[in-house]
1. Is it possible to state the helix-based mean residue ellipticity at 222 nm for the chain, with each DSSP H run of 4+ residues giving -39500 (n - 2.57), the sum divided by total residues, to the nearest 500 deg cm²/dmol? What is it?
2. Relative to the longest principal axis of the C-alpha atoms of the chain, give the angle of the C-alpha long axis of helix 54-67, reported between 0 and 90° and rounded to the nearest 10°.
Amino acid sequence: MLTFMNTLKYKTTIKNGQLDLPSLNLPEGTVVEAILLIETSEHTDETEYLLSTFANRQHLKEAVELLKNSQNYIYVDPSEL
């Protein structure tokens, strides 16, 4: 079965817990699928994100341990770049 879709896009703000959309003037019985994309803060806390999973925490812990040994450093002479 092939389904065709038309799209409508509105940007609005939740007020008093309600989603306020303009009248869509669609025929009675029209089937619609709504997907809400919720904007998050512009300033995501990078540290919180990086520490949000066990795998990330483990990887960062291992990376910090590697930095404690200067033999793991790779030195680059800027004049050779």
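Derivation of every value follows stated rules applied to the coordinates shown; laboratory data play no part. The structure presented is a predicted model; accordingly, all values stated were derived computationally and were not measured.
1. Rounded to the nearest 500, the figure is -7000 deg cm²/dmol.
2. Orientation of helix 54-67: about 30 degrees from the principal axis.
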